[in-house]
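The values are calculated or read from the model by the stated rules, or taken from the named source; none is laboratory data. These numbers come from a predicted model, not from an experiment. Positions of Cβ are backbone-derived with ideal geometry, glycine not excepted, and every protein chain shown enters the neighbour counts. With ligands, DNA and RNA removed, areas are computed over all heavy atoms of the protein, side chains included. Shrake-Rupley method; radii C 1.70, N 1.55, O 1.52, S 1.80 Å.
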Amino acid sequence: MPENRREDVVRTLTRALVTACALSAALVVAGCGDDGDEDTGADGDVLLQPAADQGPDPFTDSTATTTATPPPVTRTPRPAHSGRAGPQSLSGETPGLYGGTRGAGSCDVRRQIDRLTADRAKGRVFARAAGISQGSIPGYLRGLTSVVLRADTRVTNHGFRDGTVTGYQSVLQSGTAVLVDGHGVPRVRCACGNPLAPPVDRHGGSGTSGRAWPGYRPDQVIVVAPTTQVITDITIIDIAHHTWIERPVGHRGHRHDHVVRPSEPVTPTPEPHPRGCGSGVGGPGAEGRATGSWRGPRWGGRGWRT
């Protein structure tokens, strides 16, 4: 691997960790990309959604093409008094944030396009929730990239009911197939065809509903912060071979996957932050046992641990 590529990966990883806390405040107050008249579920329970569960009011049947889930790992527990008030934020360009299988997409984008263009009512509502025109749905979906989540991830989800859009907060299980945009943010959940958006702020405390999966831990949930610039490729983990892959963005990006070898895990030293920033997402290679996440280096408060 060229030296300049290795340096780029290290810089990207370090920058993502250092800036995660600064991005979180902007992310959690972001809206859902609509004109604001739908219910985003900001005052209700957060729905826990296992990877293959369609959930309430799906837009389409499942277009997910993989049932593989990231191997589990034991994560380093967070300090009891970390001061962190909500889900941790990680940049959408963080290497290893997402997974996939080399040469294969996690979602059948063509089938997703067919489902939404065949039903004009659903297409119209989908476009509204996604903040696009109905005629641009095919191009919009083709511009997204198939990956799977490698951490339990909080989002604003949208459903279709009685000809209108519904909105609710949910946590998607690690291993969920999604389509992400050019800023690294999940935009479609493949198990149900629902448009996704960043989570909205919670007003006071709230509980959870739905079925929790083995290993679910509220303090390990993340949110994805959009990159400030459009990215051209995503560095993911091959969930079949536990290697690093660089995947170009777009629905055909998996056809051009190629293996990369990042440098050894680094130990970033960000400035102290009162919200206690850290990550449980890392690359392949570390030992672990089942607690509901991936195997790889973990953020232990002072750096990546292998």
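I'm checking my understanding of the structure. Among residues of the range 140-166 that are among the polar types (S, T, N, Q) and out of contact with any helix residue (DSSP H, G or I) (no Cβ under 7 Å at 6 or more places or on another chain), which one is nearest to Arg128 (Cα to Cα)?
Step by step, filter the range 140-166, then rank; the result is Thr166.
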**Test: residue in the range 110-119 that is in a helix (DSSP H, G or I), open to solvent by 10 Å² or more (accessible area, probe 1.4 Å) and within 15 Å of Gly253 (Cβ to Cβ)** = yes
**Request:** Test Pro199 against the stated conditions and say whether it is open to solvent by less than 10 Å² (accessible area, probe 1.4 Å), assigned to a loop (DSSP other than H, G, I, E, B) and closer than 30 Å to Arg124 by Cβ.
**Result:** yes
**Request:** Considering only residues that are among the charged types (D, E, K, R) and either in contact with a strand residue (DSSP E or B) (Cβ under 6 Å, 6 or more places away or on another chain) or within 17 Å of Asp119 (Cα to Cα) (or both), look in the range 132-169 and name the one that is surrounded by the fewest Cβ atoms within 10 Å (Cβ to Cβ).
**Result:** Asp162
**Residue check for Gly215: part of a strand (DSSP E or B) and surrounded by fewer than 24 Cβ atoms within 10 Å (Cβ to Cβ)** = no
**Asked** Scanning the range 170-196 for residues that are in contact with a strand residue (DSSP E or B) (Cβ under 8 Å, 6 or more places away or on another chain) and at positive phi, which turns out surrounded by the fewest Cβ atoms within 10 Å (Cβ to Cβ)?
**Response** Gly184
